[in-house]
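Beneath this line is the structure, given in structure tokens, with notes to follow.
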Amino acid sequence: MNAPLPVAAPLYLVDASLYVFRAWHSMPNEFHDGEGWPTNAVHGFARFLLELLERERPRHIAIAFDEALDSCFRNTLYPAYKANRDAAPEELRRQFAHCKALCSALGLAVLAHQDYEADDLIGTALHHARAAGHRGVIVSADKDLSQLLAGLDEQWDYARGQRWTMGGVKARHGVEAHQIADYLALTGDAVDNIPGVPGVGSKTAAILLAHFGSLDALLARVDEVQFLRFRGAATVATKLRANKDQALLWRQLTTIALDAPMDQRDFTRGAADATALVSLCDNLRFGPLTRRRLQEASGVQTTATVAG
């Protein structure tokens, strides 16, 4: 009898910006750093991160941040990409920097790039990690990231306590994991200011992709669409013909890159930086409970000075 194959070591890939923004909007604005700037998002993110580290004790982990707020390669392809979003205020930008510094001080790999979004960095890291025998655990609720799932990879909506593999994507979104980018190209994505094909909603997109398999096949066989059995099929066929080039552009925007520049290939959790961690605890005025949890997570004595 053959011995069972070993389970691939998980690489945890955290979509940090999601959790920083969530803390920014949910945590009370009662925390401030040594200079008087608000730190509510840092405190909330630190609680999330510590809970993740305590619960999973990951040996391999990377934390991806969005730095390409208006300089992403997608803005070159389509200047209106994410143009519907307000610029992050300075109070939040400072907190993102603190969150990155906290991750680095804890010995966690930090991924950030001026031209590539966090999704692209997660996709590229996972692409490299698979070659080294890892499976991915993507910590994010973002449906865009489901397109990366393959094999034993998982996506984890941490706040809701829901985890799924590529086999669970269709039940959640109506299409297969490998069809997510095509699906978003058809329906559009209001969050990212991607218009999609006029008249194609989520149900219609799911029907089209179930029948044709991909956007490329759909556009190559668009004359068949009018004969499908759903309301407005002939109109949808006309819209697809008129918006073929736009649909292909939208897919460029919705497809996660797997080739972002990335020097780091080993995401083994490293040793904490004691000096940096104590300095952050002092500057961010972390209380005794957070300091104790950071000390337990890092092995670093965090009470070298009086806790705030």
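Considering segment 39-75 alone, what residues qualify as being assigned to a loop (DSSP other than H, G, I, E, B) and buried (at least 17 other Cβ atoms within 10 Å of the Cβ)?
The answer is Thr39, Pro58, Phe65, Asp66, Glu67, Ala68, Cys72.
Quick grid of which residues meet (1) charged (D, E, K, R); (2) modelled with pLDDT of 95 or more:
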| position | (1), (2) |
| --- | --- |
| Pro58 | no, yes |
| Asp70 | yes, no |
| Asn84 | no, no |
| Arg94 | yes, no |
| Cys103 | no, yes |
| Leu106 | no, yes |
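Being part of a helix (DSSP H, G or I) and either surrounded by fewer than 16 Cβ atoms within 10 Å (Cβ to Cβ) or of a type in the set (Asp, Glu) (or both): is that true of Arg251 here?
Against the criterion (part of a helix (DSSP H, G or I) and either surrounded by fewer than 16 Cβ atoms within 10 Å (Cβ to Cβ) or of a type in the set (Asp, Glu) (or both)), Arg251 does not qualify.
Which condition number in (1) in a strand (DSSP E or B); (2) closer than 22 Å to Asn283 by Cα; (3) not aromatic (Phe, Trp, Tyr) is the one that Glu30 fails?
Unmet for Glu30, out of (1) in a strand (DSSP E or B); (2) closer than 22 Å to Asn283 by Cα; (3) not aromatic (Phe, Trp, Tyr): (1).
In segment 4-34, which residues are without any contact (Cβ under 8 Å) to a residue 60 or more places away in the chain and farther than 18 Å from Asp66 by Cβ?
Matches in segment 4-34: Pro4, Leu5, Pro6, Ser26, Met27, Pro28, Asn29, Glu30.
Which pairs turn up if I take residues in segment 230-249 that are more than 14 Å from Leu218 (Cβ to Cβ) and look for partners that are surrounded by 17 or more Cβ atoms within 10 Å (Cβ to Cβ) with beta carbon separation below 7 Å, at least 6 apart in sequence or on another chain?
Close Cβ pairs satisfying both conditions: Leu249/Tyr78.
Please go through segment 104-138 and give me each residue that is assigned to a loop (DSSP other than H, G, I, E, B), among the hydrophobic types (A, V, I, L, M, F, W, C) and surrounded by fewer than 21 Cβ atoms within 10 Å (Cβ to Cβ), ordered by number.
Ala112, Ala132
The values are calculated or read from the model by the stated rules, or taken from the named source; none is laboratory data. A quick note: this is a predicted structure, and the numbers were derived from the prediction, not measured. Cβ: placed from backbone, ideal geometry, glycine included. Neighbour counts: every protein chain shown.
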